[in-house]
Amino acid sequence: MSGTDLLAGSGWVTDGGLETDLIFHHGVDLPEFASFPLVEDRTGAALLERYYREYVVIALAAGAGVLLEAPTWRANPDWARLLGYDAAALDRVNQQAVALVRSALAQDAPARSLVSGAVGPRGDGYLAGGTDPDEAAEYHAAQVASFASAGADLVHAMTMTGTAEAIGVVRAARQVGLPVAISFTVETDGVLPDGTSLSGAVAAVEAAAPPDWYGVNCAHPTHLAHALDGGAWQQRLTFLRPNASTMSHAELDEMEVLDAGDLGLLTSSTSSIRSQVPSVSVVGGCCGTDSSHVAALWGVPAS
């Protein structure tokens, strides 16, 4: 099935800000902001399954499909090494993460249900990354291969801060035959952390290694609005996972309490983005959001 066909349908609910939800609402300690180690802990795995089931309920209420992202945003070699994972252990936990999400979809889920292998940046999600696409492809290849072995439906690289790493992830996904989405993050002015415009980033990746879909995550919709210029490139945007807060990345990095944002502003500004970019069909949340935010974005009661 082609990537285009995979996301056919009227819309897809995806999940929210997993890590901030776990830290601030459940009191979970996440060293290095990594949620993937929870997969191997019985209590942690049960908590993750409950988290994912909240979004299944939202999708059922909204009459939408559900696309859940594995808790693997930090599960790449550099971050995993800090947590004591070697290559074999990292392969194991990436595959287990996909299986856990699949388990959460095993009963009472919409007929349209997908599991995405989430790829995060090699470095910090708020700082510009490397400049060599081939190096990035080699770096991310092992994680993407783990997703393919585990039967993930697609790969979604989130919080991409520049074009080189995005191109590398696409190349890695193509090597194992998985559809792939690239979501960039933008600053308050709508520009990527490396100074590239969103339209320029899409154009550069399209020229080198086009993914199946693009998106934006970890930015408030009012920030994304600055990047929209009405160009045809906008119709390549499919994923939208906004932050709850209007703060900048630098401000959020300094926060010791959760900024859950203004829910009315989040829903109205997301609605405005979707009216300007009707190709957006996969909607969830990022930092500071939980299932109540995502339910509001889909116009259904929070569970």
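Can you sort Met158, Met247, Met255 so the residue with the fewest Cβ neighbours within 10 Å comes first? Before the final figure, lay out the partial values.
Details: Met158 24, Met247 19, Met255 14.
The most exposed by this proxy come first: Met255, Met247, Met158.
If we count every other residue with Cβ under 15 angstrom of Asp189's Cβ, Lys/Arg +1 and Asp/Glu -1, where does the sum land?
-4
Enumerate by residue number the GluC sites (Glu not before Pro) in the stretch 162-261 meeting two conditions: DSSP loop (anything except H, G, I, E, B), and at most 15 other Cβ atoms within 10 Å of the site's Cβ.
Loop-located and lightly packed - Glu256.
Report the gain in length on full extension from Gln276 to Ala232: 0.36 nm times residue separation, minus Cα-Cα distance, nm rounded to one decimal.
Fully extending the segment from Gln276 to Ala232 adds 14.7 nm.
Measure out, as a whole number of angstrom, how far apart the alpha-carbon centroids of the stretch 110-184 and the stretch 1-67 sit.
After rounding, the separation between the Cα centres reads 18 Å.
Rg to Rh for the chain: what is it, with Cα atoms only and Rh by Kirkwood?
Numbers: Rg = 17.2 Å, Rh = 18.7 Å.
Taking Rg over the Kirkwood Rh, I get 0.92.
P(r) for the stretch 149-303: what percent of alpha-carbon pairs falls in each 5 Å bin, starting at zero?
Per 5 Å bin, starting at 0, the Cα pair percentages come out as 2, 10, 19, 22, 20, 15, 9, 4, 0.
Using just the helices of the chain, give the 222 nm mean residue ellipticity in deg cm²/dmol: DSSP H runs with n ≥ 4 each add -39,500 (n - 2.57), and the total is spread over all residues, rounded to 500. Walk me through the numbers on the way to the answer.
Numbers: 12 runs with 132 residues, N = 303.
Value at 222 nm, helices only, nearest 500: -13000 deg cm²/dmol.
Using DSSP, restrict attention to beta bridges with both residues in the chain and report what percent are antiparallel, rounded to the nearest 5.
Counting only bridges with both partners in the chain, antiparallel ones make up about 5 percent.
Viscosity 1.567 mPa s, temperature 4 °C: what is the translational diffusion coefficient of the stretch 37-168 from Stokes-Einstein with a Kirkwood Rh over Cα pairs, rounded to a whole number of µm²/s?
Calculated translational D: 85 µm²/s.
In percent, how large is the relative contact order of the stretch 8-297, given Cα pairs closer than 8 Å and 6 or more residues apart?
Relative contact order for the stretch 8-297 comes out at 19 percent.
Could you give the distance between the Cα centres of the stretch 226-303 and the stretch 196-217, to the whole Å?
19
Each residue of the stretch 225-234 in turn: what ³J(HN,Hα) in whole Hz from Karplus with 6.51, -1.76, 1.60 and θ = phi - 60°, glycine and Pro shown as x?
With coefficients 6.51, -1.76 and 1.60, one gets 4, 5, 8, 7, 10, x, x, 4, 4, 4 Hz.
Would you mind giving the average projected area, over all directions, of the Cα convex hull of the stretch 233-303 in nm² with one decimal?
Projected area, direction-averaged: 5.2 nm².
Rule-based calculations on the coordinates, nothing more; no lab input. Fair warning: this is a prediction, and the values are worked out from it, not measured in the lab. As a convention, Cβ positions derive from the backbone with ideal geometry for all residues, glycine included, and neighbour counts pool all protein chains shown.
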